[in-house]
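Colleague: Sharing a structure, written as structure tokens. Questions coming.
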Amino acid sequence: MDPLYRPQGVEQRWQQIWEEEGLYAADPDAPGDTFVVMHPPPNISGSLTIGHCLQLSLEDTLVRWHRMRGFNTLFQPGYDHAGISTWAAIGRTLAQEGRSQRDLGRDGFDAYVQEWLERYGGTIMSQFRRLGASLDYRRTRFTMDERYYSAVMRWFVHLYERGWIYRASRIVNWCPRDRTALSDLEVEHEDEDDTLSYVRYPLADGSGHVTIATVRPATILADVAIAVHPGDERYRDLVGKEVVVPFVERRVPVIADERVEREFGTGALKVTPGHDPTDFEIGRDHGLPELAVIGPHGLMNDAAGELAGLTQEEAGLRVLEWAAERGLLEKRENYRHSVGHCQRCHTRVEPLVMPQWWVAMDELAAPAIAAVKEGRVRFTPERFARVYLDWMENIRPWCISRQIWWGHRIPVWCCPDGHLTVAESEPQACAECGSAELRQEEDVLDTWFSSALYPFATLGWPEETPELARYYPGSVLTTARDIIFLWVARMIFSGLELIGEEPFADALIHSTLLNPDGRRMSRTLGTGIDPEEALEPYGADATRYGLLKVTSSQDPRFSFGTIEEGRKLANKLWNASRLLLMAGAVAPEARPSSIEERWILARIDATRAELDADLAGFDFAHGVERLYHVTFDDFCDWYLESIKPRLDEEDVRATAFAALEQLLKLLHPVMPHVTEEIWTNLPSRETRLIVAPWPDPQPAFAADLHALDEAQTAARIYRRSGVRIEIGGDSLRIFEAVVRPTGDGQGDVEAERGRLRKEVERSERMLANEKFVANAAPEVVEGEREKLEQYRAELDALGN
Ligand SMILES: [Zn+2]
Ligand SMILES: [Zn+2]
């Protein structure tokens with residue numbers, strides 16, 4: 001073994017060996033309980049971020065832990081075609097050459113996208129490998145591969161036959177730049193400064209006026225009513241009367257509707273069903289017309305008459321001028337409000353009424369709500385179950401059609417007579433009139449319509465494959481909180497609908513990494529961290545360790561500090577192993593003859609039990625802290641230093657190798673490469689560590705778990721104050737071997753006692769403070785209790 005551990009090269013070598021030896025491979029015919037993680041397929045439109053690395057690290061830790069515990073494990077890789085995201089990314093690239101997607105034509109675009117896929121798909125998979133993620137790469141799937149495509153077609157036809165898919169004109173979020181509809185979840189809301197204009201609508205009978213407040217005066221042209229709240233005394237007498245809409249001078253009714261916010265503006269709402277989602281719903285319920293004065297380009301359309309072709313701002317000013325000239329403009333004031341933007345291109349979203357394809361959600365949502373309420377799908381942290389349920393319980397129809405060319409094309413064909421034929425593959429003739437002149441729907445499906453099938457389409461559904469039988473339902477899904485609705489919810493309802501079972505038992509919502517300044521990481525803002533900045537200098541093991549270490553909160557800041565700590569841990573472990581090997585290899589076997597040998601075996605076993613509990617509860621941060629402590633402090637600093645004088649004894653070395661073996665096993669799921677590299681250097685190796693059995697409980701030495709307490713107390717006191725307390729026997733021997741005291745040991749005992757008494761008092765006061773105990777994090781309170789115990793023990797040892 002080299003004197004210094006260098007991850008560069010070693011890690012790549014093991015990644016290659018594990019994969020070539022088939023150790024990542026899932027075998028549906030092999031025995032064992034199954035453990036299945038479907039890695040969320042990253043978008044084909046880019047490369048991995050440090051956030052992806054965090055997600056992979058915790059998934060791979062779980063996967064390796066289960067694999068060693070004998071589970072039949074599938075860790076499924078794949079990538080997503082990411083409809084609008086890829087479409088927009090390609091659009092940006094083409095724009096630099098002065099071209100657009102639509103300039104290429106549909107076929108030209110298809111060819112272009114194929115090249116794009118080959119470039120990015122390869123990058124993503126090599127980044128997965130680089131982190132040591134033990135995915136079964138042979139099974140890599142793509143949401144647009146042939147089998148996946150047919151699964152999506154089956155899903156569409158299934159929903160259509162159920163009567164839940166329909167085409168209808170409803171209001172949608174329209175991106176004027178991408179020229180496509182977006183689902184509510186693809187819209188980002190940002191606060192913007194705007195102007196609120198108060199405009200008077202004269203009553204048709206000449207008896208006065210109603211004033212409304214609007215940020216979009218151009219839409220006045222499409223007003224079809226004024227609505228007030230039925231309980232609003234101010235307007236009670238007006239309901240049923242008519243007003244005249246400014247500029248267009250159209251008579252429209254005043255109606256009452258509960259959805260009107262009394263506190264906004266004047267409490268009277270102009271109703272524009274063609275350009276506002278709430279107004280659209282009010283309009284449908286009251287049977288109002290849906291006028292449109294804004295076109296798909298976001299400009300005023302022909303229905304706007306003399307204002308046609310103007311921007312909304314220009315048109316709005318013209319309308320306000322008109323009103324001002326007639327004394328109908330009451331006032332204008334500054335107003336800050338939330339405005340929807342396209343998630344992909346940040347253009348302001350235009351609500352427009354247009355024909356689109358929809359999925360009715362009520363019947364799909366009901367069982368998916370029950371699944372979470374009844375605990376068949378558990379969220380970690382638990383509070384996200386509420387987030388999920390709130391959305392599911394208020395779900396609206398899902399707009400699934402997109403006016404782009406990248407995605408699964410809607411499997412609906414139309415004949416010249418307008419009959420629709422819905423089929424999984426291209427039909428020969430119209431199902432209704434037999435016409436062979438069929439034209440396929442131009443639109444493609446929402447990306448998430450296909451991602452929803454990921455937990456089973458990757459396993460071969462709708463065919464009844466051995467994989468589907470064995471690996472569905474899966475075990476744990478990890479994801480970021482921003483796609484609970486987009487993806488998690490949709491996998492749950494589609495799994496229940498198509499297979500009758502929830503796709504996974506646990507939804508783990510992992511931390512979202514912030515950059516070191518506490519800002520959101522974003523590639524476009526230049527605030528992201530490139531994974532290579534960590535992987536290249538520190539290696540994958542240290543990166544994995546460092547990322548897991550910060551996951552105790554939901555929004556941790558990324559820091560190279562914890563990664564550096566991981567690197568130190570790998571080095572320490574390497575040096576300890578090297579020391580043992582240089583003393584002489586011997587077959588590992590626990591034959592402890594001294595107290596520190598029984599103690600380390602007990603410590604490792606206790607850590608195993610604690611780590612099992614941490615991982616089962618997805619508490620990765622505490623898990624890695626424990627591993628650090630048992631390796632650095634217990635194994636290296638105390639145990640190895642104590643036995644050093646006896647390393648020439650074969651029994652001592654046999655026990656040491658046995659203990660090291662156990663330790664390597666515990667560390668492997670988090671730091672797979674360095675542990676495998678050491679393992680392969682140990683004597684009498686038959687298997688790879690990646691598939692070595694997880695340590696069994698070893699109660700034999702449990703009684704000696706605290707055997708070093710006395711020596712450790714003495715060490716703490718001595719290192720702090722130079723005072724040596726009276727100890728004898730093994731404690732003295734171990735103390736001297738580890739601490740190697742110098743000097744006469746005659747520190748100031750009284751000063752040390754005084755200091756400790758103060759610490760005990762302080763700690764007791766803190767723990768007596770009910771507010772602290774009730775409000776501080778449980779681990780902080782627990783830590784304080786441990787400290788108090790330690791101070792008391794030290795005070796006792798000093799003869800109080
Ligand atoms: Zn857009
Ligand atoms: Zn027909």
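Colleague: Show me the helices (runs of 4 or more DSSP H) found entirely inside segment 70-186 where at least 3 residues are closer than 30 Å to G295 by Cβ and modelled with pLDDT under 85.
Modeller: 83-96
Colleague: While we're looking at this one, here's another question. Could you check, for segment 336-351, whether at least one of its residues is away from ligand 1 (no atom under 16 Å from the Cβ), closer than 17 Å to A452 by Cα and of a type in the set (S, T, Y)? Can you show your working first?
Modeller: First, the residues of segment 336-351 that are away from ligand 1 (no atom under 16 Å from the Cβ): 336-338.
From the residues that got through so far, the ones that are closer than 17 Å to A452 by Cα too are none.
No, every residue in segment 336-351 fails to be away from ligand 1 (no atom under 16 Å from the Cβ), closer than 17 Å to A452 by Cα and of a type in the set (S, T, Y).
Colleague: Further question: Check R544 against each of (1) out of contact with any Cys (no Cβ under 7 Å at 6 or more places or on another chain); (2) modelled with pLDDT of 95 or more; (3) open to solvent by 10 Å² or more (accessible area, probe 1.4 Å) and name the one condition it does not meet.
Modeller: Only one criterion is unmet by R544, namely (3).
Colleague: Take E677 and decide whether it is in contact (Cβ under 8 Å) with a residue 12 or more places away in the chain, touching a Ser or Thr at 6+ places or on another chain (Cβ under 6 Å) and assigned to a helix (DSSP H, G or I).
Modeller: Numbers: in contact (Cβ under 8 Å) with a residue 12 or more places away in the chain: yes; touching a Ser or Thr at 6+ places or on another chain (Cβ under 6 Å): no; assigned to a helix (DSSP H, G or I): yes.
No.
Colleague: When you go through I255, I226 one by one, which is the residue that is free of Cβ contacts under 8 Å to residues at least 40 places away in the same chain and within 27 Å of W322 (Cα to Cα)? Break it down stepwise before answering.
Modeller: Values: I226 fails: free of Cβ contacts under 8 Å to residues at least 40 places away in the same chain.
That would be I255, the only listed residue that is free of Cβ contacts under 8 Å to residues at least 40 places away in the same chain and within 27 Å of W322 (Cα to Cα).
Colleague: Only one of these is out of contact with any strand residue (DSSP E or B) (no Cβ under 6 Å at 6 or more places or on another chain), away from ligand 1 (no atom under 16 Å from the Cβ) and open to solvent by 30 Å² or more (accessible area, probe 1.4 Å): G132, G163. Name it. Walk me through it before giving the result.
Modeller: Values: G132 fails: open to solvent by 30 Å² or more (accessible area, probe 1.4 Å).
Within the list G132, G163, the selection yields G163.
Colleague: I want to confirm something. Restricting to segment 340-352 and keeping residues that are under 25 Å from the mean Cα position of the chain (by Cα) and open to solvent by less than 30 Å² (accessible area, probe 1.4 Å), which single residue is farthest from ligand 2 (Cβ to nearest atom)?
Modeller: Here the answer is H341.
Colleague: Would a scan of segment 391-401 turn up a residue that is within 16 Å of ligand 1 (Cβ to nearest atom), within 20 Å of D193 (Cα to Cα) and surrounded by 15 or more Cβ atoms within 10 Å (Cβ to Cβ)? Break it down stepwise before answering.
Modeller: So in segment 391-401, the residues within 16 Å of ligand 1 (Cβ to nearest atom) come out as 399, 401.
Still in the list and also within 20 Å of D193 (Cα to Cα): none.
No, every residue in segment 391-401 fails to be within 16 Å of ligand 1 (Cβ to nearest atom), within 20 Å of D193 (Cα to Cα) and surrounded by 15 or more Cβ atoms within 10 Å (Cβ to Cβ).
Colleague: Let me ask something else. For segment 375-459, give me every one of the strands (runs of 3 or more DSSP E) that falls completely inside it and has 3 or more residues that are over 26 Å from F75 (Cα atoms). Break it down stepwise before answering.
Modeller: Numbers: elements: 378-380, 412-414, 420-422.
Passing ranges, in order: 412-414, 420-422.
Colleague: Same structure again: E501 is checked against (1) open to solvent by 10 Å² or more (accessible area, probe 1.4 Å); (2) over 14 Å from the mean Cα position of the chain (by Cα); (3) farther than 30 Å from E146 by Cβ and fails just one. What number does that condition carry?
Modeller: The failed condition is (3).
Colleague: Looking only at segment 196-217, count every residue that is in a helix (DSSP H, G or I) and either open to solvent by 20 Å² or more (accessible area, probe 1.4 Å) or farther than 11 Å from P246 by Cα (or both) and tell me the total.
Modeller: Going through segment 196-217, the residues in a helix (DSSP H, G or I) turn out to be 217.
Those still in the list that are either open to solvent by 20 Å² or more (accessible area, probe 1.4 Å) or farther than 11 Å from P246 by Cα (or both) too: none.
Number of matching residues: 0.
Colleague: Run S553 past the list (1) surrounded by fewer than 17 Cβ atoms within 10 Å (Cβ to Cβ); (2) at positive phi; (3) not aliphatic (A, V, I, L, M) and report the number of the one that doesn't hold.
Modeller: (2)
Colleague: Picking from G375, G418, which residue would you name as being more than 28 Å from P42 (Cβ to Cβ) and within 16 Å of ligand 2 (Cβ to nearest atom)? Steps first, answer last, please.
Modeller: On the way: G375 fails: within 16 Å of ligand 2 (Cβ to nearest atom).
Going through G375, G418 in turn, just one is more than 28 Å from P42 (Cβ to Cβ) and within 16 Å of ligand 2 (Cβ to nearest atom): G418.
Colleague: Note down all Cβ pairs under 7 Å where the first residue falls in segment 42-58 and is assigned to a helix (DSSP H, G or I), the second is among the basic types (K, R), and they're at least six residues apart or on different chains.
Modeller: Matching pairs, first to second residue: S57/R544.
The values are calculated or read from the model by the stated rules, or taken from the named source; none is laboratory data. What you see is a predicted model, and the numbers here were worked out from it, not measured in a lab. Every residue, glycine as well, gets a Cβ built from its backbone with ideal geometry; the counts of neighbours run over all protein chains shown. SASA here: full protein model, heavy atoms, side chains in, ligands and nucleic acids out. Shrake-Rupley method; radii C 1.70, N 1.55, O 1.52, S 1.80 Å.
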